[in-house]
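Undergrad: Below is a structure I'd like to ask you about.
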Amino acid sequence: MSYLDIQCPMCGQQYASQEHQGCKSCPVNKNCTLVCCPACGYQTINARKSKFARLVQMLFPNNPRSDHNELGEGGTTLAEVPAGCKVQVLAFSEDFPADRRAYLQAYGLVPDYWVQVLQHSPVTIVRLDHLELALENELARGIKVYQHTITQESDPPK
Amino acid sequence: MSLQYNPAIPVKTEDREGSIALVGHPNVGKSVLFQKLTGQRVIVSNYPGTTVELARGSLRSIPDTILVDTPGVITFPPQSEDEQVTGRVLLNEPLKAILQVGDAKNLRRTLTLTVQLAEMGVPLILALNMMDEAQSRGVTLKHALLAETLSIPVIPTTATRGRGLQELINALEECCPSQFRLIYPAEIETAVDQFCTQFADKHLKNTPITPRSLALLWLSGDPVTEKWMREQVEGGTFQDLVTLRHTVQLSFVDPLAQVIQGVRLDYVDRIVSLVLQESGLGWRGKSTLLSGLTTHPIWGWVILGGVLYALYWFVGVFGAGFLVGLLEENLFGQIINPWVEGLVMRFVSLPFLADLLVGEYGLWTLGMTYALALILPIVTTFFLAFGILEDSGYLPRLAALSNRLFHRLGLNGKAVLPMVLGLGCVTMATLTTRVLETRRERLLVILLLSLAIPCSAQLGVIMGMLAGVSLTAVLIWSAVLGVVMLTIGWLAARLVPGERTQLLVELPPLRWPVLSNVVVKTAARIEWYLKEVVPIFLLGAVFLFLLDRTGILERIIRVGEPLVTGWLGLPPEASAAFLVGFMRRDFGATGFFVMQSQGLLTPTQIVVAMVTITLFIPCVASVMMIAKERNWKTAMGMVLMVIPLAFFVGGLLSRLLTLIGWG
C-alpha cells in the first residue's frame, strides 16, 4: 500500500506523487516539483518537494512534516509514519541498541502496541497511553511498524 | 506463563527491622509523598532526575521507621548512575517494605515495575499517584480488583493534595511479604532453580530480596547485581554463574533481559485489560497545544528565545540591576555599612582589627556586603525563575529541542538538564550529571560545566556589568563563550573514547507551577547557597586582607602584571579579582564589578575580564564535587586545562577588540 499524500484540486482524486505514468518515466522527475493526477491529468504543485514550502509549512504545528509524510513502498519504520498518525509496532531492528530497547520496553513500547506519532523534528515524539516520549530519529528508524495499520483516526482499530 | 500466589500472614511493620524504600518511575511524585509522610522537605520538580541521591526521613506515623526516597528507576536492570543508586538500595538496605509510587494514568508502565518489585519478596505497597490527572483524562481504575489480582495493597493517592495518605499509612502499618511469582520459560526456570540451590543458606543473607529475584536480575545482566555478586562469592563460583547465564542465553534469540521482561509485559497486559477503563477524553486542551509548540522545530526556538529573554530581564535587569542597586547602594552603602563602620570605630580600638572588619578587604565591607547585597538578590531571582521552569515541565522539552546541538558535542539533549541547572549552581549540576547514562557523557558535561557555564551569581554580575556597556558587549561575550564551548566540546567528544547514546526522554505533562512549592524550594536553595557562599566569601576577605597587610598582594600584582596587564590588557588591580576567583568565580566577577563602579575599566577591558573570569575554574566546592563524582585526577586535569585556556582566550579577545577598534 502506498500512502496517498496528494489530493487533485480538479477531480478530488487522492494519489501518490509517483502514481502518474508520465511522472514515473520522466527523466527530470527527481527534482521536479510538479505532479500530474493519474485520473484527470491535471498538473499541480507538489509542495512537499519545495524546501521553502516545507519551511513555511513547519510554522503550522498541526501540519505533518513533509519529508516524513511520504511513505515509499519500503517505508515501514516509525520515522516514516506521518505526524498525527497512529500505528502498530511490528518489531525492532536487529542493530537496535539493547539499552534503549530495554527502556522502550519499560515504557510499554513493544511489538503489537499502538503509538501515535506527534512529530519528527527536531526529534521524533510519540504518545503511548498517557505518556509522551521523545526519541532520536535514528532510534525511530530502528522501530519497524505495520504499514497497513497507519491511521489518522483518533483511536486505533480494535 | 502463569502466576503462582500463596497468601502470607500480615505482620506489623513496626515489629520488623529495617527501613521502607520509596521506589518508582522518575517524575511520579515520590519526593512529594516523601515530604508528606516524613515532614522533611526535598527538592521536587516536574522533570525526571530531580532526585539523584538518597534522602532519609523518619515516618511521622510509624515509630522507628525510616523512609528512604530513591532516584527514579525506569526498569531493572538500571541504566544510569542514579538508577543504580536505587538498585543498590534494594540489594543492600535492610528493608521492611517497599512503597512503590506509580503514575495512575500510565498503569501499564507502572505495573511493569510493580511486577519486578513484587517478585523481590519484600512487602510491597503500591500507591497509584496522580489520580486527579488520571480522572481528568477519563481514566478509571478498579483498584480493588488490581489489589486482589496482585495480592498487594493498592492505594489511590493524589500526593500534592494529600489525598489517600491516611489509607497509605494504614497499609504501611500492616503488610505482608509479597508471594508474587511469575513462571518463565522452562530454560530460565531451570537456571533460576540452579542459582537458588547453589546459594540457598550460603551467601545471600545480606540482601532483603529473594534468591529467585536475585537470579532473575543476574540473568537479566543487571550491573548492580553483578558487582554485588562479585563481592559476595569467590572467583570460581562467580565464573560458574557467568557460564550459567551464557548457557541459558544460547536457548534464546533475544537477550535474556528482554525475554524475562516480555513475560512480565504479557502478564501486565492481561491485568490492565481487566482493571483499566478509559472514557476516551484523552489528550486535550491548551497544555497539549503548548506542549507541541515547545518542541516544534521553529516555534520551539521562538519560545526558548522568549524564556531566555524573560530570564535575562528578571535576573539580569530586575535582580542584578534594580535589586542590587537598591541593596548595595541604598541599604548597605548609605545605611548599614556606615552604621557598622561607626560601631566598629567606636568599640574596636585596635586599627588592625578594625581594618579586618570594615577596611578595604574587611569581613563586613567585602565579605558580607558581596554575599548579601550583590549575590543574594541575583541568586534569589534566578532560583525563583528556575523553580518555575522546573515545575512547568519545560526542561525535558528543552532536551528534545536542543538534541541536535548536543549531537555535535558528542552528547544528547539530556545534557541540557545539568547545563541549565549549572546556570544556578555548577556544584549542584555536577551532581545531576548522574542522570546521564555513560561515564563519557558525564565527563564531557562536567568539562563544559567547569569551562563555560557561569553560575547564577556570576551570570547576574556579568549581565549587570555588560548591560551597562552595551548590547554588543553582551553579544560578544555570548559569542566567544559559545565558540569556545562548541570547539572544546567538539574536540573533547572526539578525544574521549566511547560512543554517544541516543536521546530517549520522557516528556511529562506541562503543568502550572504551584506557587508555594516554587517559593519554598527557592528558600531551601537560598539557604543552601548562603551556607556555601558566606563562609567562602569571609575566608576570601581574610585571605585578601592578609595578603594586603603582608605586602604579598602587591608582589602578586607585580608578578601577575605581564599576564594581567601585558597579555589581557587589564589594570594591575585585576590580579586581586583573579586571585579570589580561585575561590569562587562570582567572587572574582564581583571584584570586577566594584572596579567598574570605580571607573577603573574601559568597555574593552570589561568584556575581556568577563570572558576570562567566566572561563576561569569553577569554585572550590565544584572542584571538590568533581573529585567526589569522578576522581581527583580528573578534577585537577580540568583545573590545569581550564586556567591557561581562560587566559589564552581572554588575551586573544583583547587583541582582536583592540585591532578592530571596538569600545
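Undergrad: Being closer than 28 Å to B:GLY569 by Cα and either in contact with a Leu (Cβ under 8 Å, 6 or more places away or on another chain) or of a type in the set (Lys, Arg) (or both) is the filter; apply it to the stretch B:614-640 and report the residue that is surrounded by the most Cβ atoms within 10 Å (Cβ to Cβ).
TA: B:PRO618
Undergrad: I'm told A:ARG100 meets every condition in (1) within 9 Å of chain B (Cβ to nearest Cβ); (2) modelled with pLDDT under 90; (3) part of a loop (DSSP other than H, G, I, E, B) except one. Can you identify the failing condition by its number?
TA: (3)
Undergrad: Okay, next question. What pairs come out if I take residues in the stretch A:106-117 that are more than 7 Å from chain B (Cβ to nearest Cβ) and pair them with residues that are part of a loop (DSSP other than H, G, I, E, B) and at pLDDT 85 or above whose C-beta lies under 6 Å away, six or more apart or interchain?
TA: A:VAL117/A:VAL81; A:VAL117/A:ALA83; A:VAL117/A:CYS85
Undergrad: Now for a different question. For the stretch A:77-97, give me each residue that is β-branched (Val, Ile, Thr) and either within 12 Å of chain B (Cβ to nearest Cβ) or farther than 23 Å from B:GLY262 by Cα (or both).
TA: A:VAL81
Undergrad: Working carefully through the options B:SER80, B:SER61, find the one that is within 12 Å of chain A (Cβ to nearest Cβ), among the polar types (S, T, N, Q) and farther than 27 Å from B:GLU278 by Cα.
TA: Answer to the selection: B:SER80.
Undergrad: When you scan the stretch B:425-538 for helices (runs of 4 or more DSSP H) that lie fully inside it, which ones turn up with 3 or more residues that are within 30 Å of B:MET583 (Cβ to Cβ) and modelled with pLDDT under 85?
TA: The helices (runs of 4 or more DSSP H) meeting that bar are B:426-432, B:456-469.
Conditions (1) surrounded by 17 or more Cβ atoms within 10 Å (Cβ to Cβ); (2) among the basic types (Lys, Arg); (3) within 14 Å of another protein chain (Cβ to nearest Cβ); (4) within 27 Å of B:LEU475 (Cβ to Cβ), marked per residue:
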residue	(1), (2), (3), (4)
B:TRP299	yes, no, yes, yes
B:GLY305	no, no, no, yes
B:VAL315	yes, no, no, yes
B:GLY319	yes, no, no, yes
B:PHE332	yes, no, no, no
B:ILE336	yes, no, no, no
B:TRP339	no, no, no, no
B:LEU343	no, no, no, no
B:ARG346	no, yes, no, no
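Undergrad: While we're here: Quick one: which of B:GLY560, B:GLY551 is over 25 Å from the mean Cα position of the chain (by Cα), more than 14 Å from every other protein chain (Cβ to nearest Cβ) and buried (at least 19 other Cβ atoms within 10 Å of the Cβ)? Give the steps one after another, and end with the answer.
TA: Numbers: B:GLY551 fails: buried (at least 19 other Cβ atoms within 10 Å of the Cβ).
Going through B:GLY560, B:GLY551 in turn, just one is over 25 Å from the mean Cα position of the chain (by Cα), more than 14 Å from every other protein chain (Cβ to nearest Cβ) and buried (at least 19 other Cβ atoms within 10 Å of the Cβ): B:GLY560.
Undergrad: Would you be able to tell me the number of residues in the stretch B:133-143 that are within 12 Å of chain A (Cβ to nearest Cβ) and either touching a residue at least 60 places away in the same chain (Cβ under 8 Å) or assigned to a strand (DSSP E or B) (or both)?
TA: Of the residues in the stretch B:133-143, 5 are within 12 Å of chain A (Cβ to nearest Cβ) and either touching a residue at least 60 places away in the same chain (Cβ under 8 Å) or assigned to a strand (DSSP E or B) (or both).
Undergrad: May I pose another question? Looking at the stretch B:236-269, which of the residues that are surrounded by fewer than 19 Cβ atoms within 10 Å (Cβ to Cβ) and among the small types (Gly, Ala, Ser) is farthest from the other protein chains (Cβ to nearest Cβ)?
TA: Result: B:GLY236.
Undergrad: Can you tell me which residue within the stretch B:144-176, out of those that are without any contact (Cβ under 8 Å) to a residue 24 or more places away in the chain and within 23 Å of B:VAL268 (Cα to Cα), is surrounded by the most Cβ atoms within 10 Å (Cβ to Cβ)?
TA: Just the residues of the stretch B:144-176 that are without any contact (Cβ under 8 Å) to a residue 24 or more places away in the chain, to begin with: B:144, B:147-148, B:166-167, B:170.
Filter again for within 23 Å of B:VAL268 (Cα to Cα), leaving B:144, B:147-148.
Numbers: B:ALA144: 10, B:ALA147: 18, B:GLU148: 12.
Within the stretch B:144-176, the match that is surrounded by the most Cβ atoms within 10 Å (Cβ to Cβ) is B:ALA147.
Undergrad: Does the stretch B:27-49 include one or more residues that are at pLDDT 85 or above, out of contact with any strand residue (DSSP E or B) (no Cβ under 9 Å at 6 or more places or on another chain) and assigned to a helix (DSSP H, G or I)?
TA: Yes - at least one qualifying residue is present in the stretch B:27-49.
Undergrad: In contact with a helix residue (DSSP H, G or I) (Cβ under 9 Å, 6 or more places away or on another chain) and at pLDDT 90 or above - does that describe any residue in the stretch B:275-285?
TA: yes
Undergrad: Condition first: of a type in the set (D, E, K, R), within 11 Å of another protein chain (Cβ to nearest Cβ) and not in a loop (DSSP other than H, G, I, E, B). Can you find one or more residues in the stretch B:116-132 that meet it? Steps first, answer last, please.
TA: Step one: of the stretch B:116-132, the residues of a type in the set (D, E, K, R) are B:119, B:132.
If we keep only those that are within 11 Å of another protein chain (Cβ to nearest Cβ) as well, we get none.
No, the stretch B:116-132 has no match at all.
Undergrad: B:PRO351 passes all but one of (1) away from chain A (no Cβ under 14 Å); (2) in contact (Cβ under 8 Å) with a residue 12 or more places away in the chain; (3) not charged (D, E, K, R); which number fails?
TA: For B:PRO351, the exception is condition (2).
Undergrad: Of all the residues that make up the stretch B:202-212, how many are surrounded by fewer than 13 Cβ atoms within 10 Å (Cβ to Cβ), touching a residue at least 12 places away in the same chain (Cβ under 8 Å) and not in a helix (DSSP H, G or I)?
TA: 0
Undergrad: Can you find even one residue in the stretch B:379-402 that is of a type outside the set (Gly, Ala, Ser), over 30 Å from B:THR160 (Cβ atoms) and at pLDDT 90 or above?
TA: No, every residue in the stretch B:379-402 fails to be of a type outside the set (Gly, Ala, Ser), over 30 Å from B:THR160 (Cβ atoms) and at pLDDT 90 or above.
Undergrad: Sticking with this structure for a sec: Looking at B:ALA467, B:ALA493, B:ALA473, which is the one that is more than 20 Å from the chain's Cα centre (by Cα), farther than 30 Å from B:GLY591 by Cα and away from chain A (no Cβ under 14 Å)?
TA: Only one candidate passes the filter, namely B:ALA493.
Undergrad: Of all residues in the stretch B:422-431, count the ones that are surrounded by 24 or more Cβ atoms within 10 Å (Cβ to Cβ) and either out of contact with any Cys (no Cβ under 8 Å at 6 or more places or on another chain) or free of Cβ contacts under 8 Å to residues at least 60 places away in the same chain (or both).
TA: Counting residues in the stretch B:422-431 that are surrounded by 24 or more Cβ atoms within 10 Å (Cβ to Cβ) and either out of contact with any Cys (no Cβ under 8 Å at 6 or more places or on another chain) or free of Cβ contacts under 8 Å to residues at least 60 places away in the same chain (or both) gives 3.
Undergrad: State whether the residues of the stretch B:526-541 include one that is over 24 Å from the mean Cα position of the chain (by Cα) and surrounded by fewer than 22 Cβ atoms within 10 Å (Cβ to Cβ).
TA: yes
Undergrad: Looking at the stretch A:118-134, which of the residues that are in contact (Cβ under 8 Å) with a residue 24 or more places away in the chain and of a type in the set (A, V, I, L, M) is farthest from the other protein chains (Cβ to nearest Cβ)?
TA: A:VAL126
Undergrad: Does B:ALA215 fit the bill of being small (Gly, Ala, Ser), within 20 Å of B:PRO78 (Cβ to Cβ) and either modelled with pLDDT under 90 or in a helix (DSSP H, G or I) (or both)?
TA: yes
Undergrad: State all residues of the stretch B:311-355 that are among the acidic types (Asp, Glu) and either closer than 27 Å to B:ALA467 by Cα or in contact with a Phe, Trp or Tyr (Cβ under 6 Å, 6 or more places away or on another chain) (or both); if no residue qualifies, say none.
TA: As a first pass, look at the stretch B:311-355 and keep what is among the acidic types (Asp, Glu): B:328-329, B:341, B:355.
Matches in the stretch B:311-355: B:GLU328, B:GLU329.
Undergrad: Something else: Say whether the condition of being touching an Asp or Glu at 6+ places or on another chain (Cβ under 9 Å), free of Cβ contacts under 8 Å to residues at least 24 places away in the same chain, in a helix (DSSP H, G or I) and surrounded by 15 or more Cβ atoms within 10 Å (Cβ to Cβ) is met by at least one residue in the stretch B:223-235.
TA: No, that holds for no residue.
Undergrad: Next question. Tell me, which helices (runs of 4 or more DSSP H) lie completely within the stretch B:561-653 with 1 or more residues that are touching a strand residue (DSSP E or B) at 6+ places or on another chain (Cβ under 6 Å) and over 22 Å from B:GLY422 (Cα atoms)?
TA: Counting at least 1 such residues, we get no helices (runs of 4 or more DSSP H) at all.
Undergrad: Looking only at the stretch B:490-498, decide whether some residue is within 29 Å of B:LEU657 (Cβ to Cβ) and in contact with a Pro (Cβ under 6 Å, 6 or more places away or on another chain). First the steps, then the outcome.
TA: Here is the first cut: in the stretch B:490-498, the residues within 29 Å of B:LEU657 (Cβ to Cβ) are B:490-492.
From the residues that got through so far, the ones that are in contact with a Pro (Cβ under 6 Å, 6 or more places away or on another chain) too are none.
No: zero hits.
The values are calculated or read from the model by the stated rules, or taken from the named source; none is laboratory data. These numbers come from a predicted model, not from an experiment. Note: ideal-geometry Cβ built from the backbone for every residue, glycine included; neighbour counts use all protein chains shown.
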